[in-house]
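Each remark here refers to the structure printed beneath this line.
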Amino acid sequence: MLKKTSKKLKEIPFNRIAPNIVTMMALCSGVTSIRLAIEGNFKLAVIAILMATIFDALDGRVARMLQGSSDFGAELDSLSDVVCFGVAPGVLMYIWALSETDRWGWMFALLMPVCCALRLARFNVMLDEEPQPSYWHHFFVGLPAPGGAFVALVPVLLSFAFPGNDFFRTEWFVCAFLFVSAILMASRLPTISLKHIRIPARFVAFFLMMFGLYLGALLYKRWIVLSISFIVYLASVPVCSIIFLHLKHQAENPNGKSEG
């Protein structure tokens, strides 16, 4: 007589599933970007990566709001980020500008997923390490994956802003942005983080006014505004390094005494 064994199905509350649904929406957007790039619809391909960025920003907030954070969700988010911000922009830029080059063009395109994966693997490992010093609170370690993706996409954004200008599609220009973006993602350079920035109350009205102007400009001249935004973001990296070194020096020498 065969003995039947029954396993009790474990019920999973919806608050644990909801963040993963948002992550899957980001993943689907990234994969859709690859398909659109293959079809030659580069504007929609860029918009798909932008949608993936929005979903990527939302999944963590949904998890915290619903108290549904989990190790499974964290791993799924990292895998999704590699596709959305490593593979998708690399494939898009290769098809858009590098497909007629020799093998070296594909080498630069490969840097995006490789360095994005390295950046996310390091981030996951750092979660288990001791908390970083206080002067790291305003910074990320290296470019975050979504920021790195859009720095790499600056040439195609500029081509949308200035149609007919073939300079932005030249191989060396595209490869330069791919290389810089990939290396900065895998680097340990401090880059700006907005999580802990506080705005003084007297500047809130001015900040909201400027943000409204920015949104208006984004709606009217979206491609040039996005291009300028990510160029400025890239230019902020050396500025962040200078500020970081100053904060680190202050933290390590609170009395203003130099070492030695």
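Here are some notes:
- When the Cα gyration tensor is reduced to axis lengths a ≥ b ≥ c, the ratio a/c is 1.5 or higher for the range 173-240, and with a/b not above b/c it is classed as oblate.
- Residue-span extension gain [PHE206 to SER241] - 0.36 nm each, minus C-alpha spacing: 9.9 nm
- Solvent-accessible heavy-atom area per residue, rounded to whole Å², over the chain at 1.4 Å: 62
- DSSP loop trypsin sites (Lys or Arg not before Pro) with at most 12 other Cβ within 10 Å excluded, longest remaining stretch of the chain: 11-187
- The solvent-accessible area of CYS28, taken with every protein chain present and a 1.4 Å probe, is close to 80 Å².
- Under the Karplus curve 6.51 cos²θ - 1.76 cosθ + 1.60, θ = phi - 60°, whole-Hz ³J(HN,Hα) for the range 182-195, x wherever Gly or Pro sits: 5, 5, 5, 5, 7, 6, 10, 6, x, 10, 5, 10, 8, 4
- Residue range of the chain that is longest and free of GluC sites (Glu not before Pro) which are both DSSP loop and sparsely packed (at most 11 other C-beta within 10 Å): 130-258
- Mean Cα-pair separation over length for the chain, i.e. relative contact order, pairs under 8 Å, 6 or more apart, %: 17
- Contact order normalised by residue count of the range 129-260, Cα under 8 Å, 6+ apart, percent: 35
- Note on GLU171 and ARG103: their simple-model spin labels are 1.4 nm apart, each label 7 Å out from Cα toward Cβ.
- Computed about its Cα centre, the charge dipole of the range 105-260 is approximately 420 debye, with only Lys, Arg, Asp and Glu carrying charge at their Cβ.
- Once the Kirkwood radius over Cα pairs is known for the chain, the Stokes-Einstein relation at 4 °C and 1.567 mPa s delivers a diffusion coefficient of 63 µm²/s.
- Carbon and sulfur %, accessible surface of the chain computed with the full protein complex present, 1.4 Å: 67
- Sparse-neighbour loop sites [chymotrypsin sites (Phe, Trp or Tyr not before Pro); the range 76-163; at most 15 other C-beta within 10 Å; DSSP]: none
- Each label was represented as a point 7 Å from its Cα along the Cα-to-Cβ direction; for GLN250 and GLU39 these points are 5.2 nm apart.
- Comparing ILE54, LEU79, SER134 along the charge dipole axis of the range 50-203, the residue lying farthest to the positive side is SER134, per the Cβ-charge model.
- Taking one quarter of the surface of the C-alpha convex hull of the range 114-210 gives a mean projected area of 8.7 nm².
The values are calculated or read from the model by the stated rules, or taken from the named source; none is laboratory data. What you see is a predicted model, and the numbers here were worked out from it, not measured in a lab. When we count neighbours, we look across all protein chains shown, and the Cβ atoms used for this are built from the backbone with ideal geometry, even at glycine. Side chains included, ligands, DNA and RNA excluded: accessible areas come from the protein's heavy atoms. Shrake-Rupley method; radii C 1.70, N 1.55, O 1.52, S 1.80 Å.
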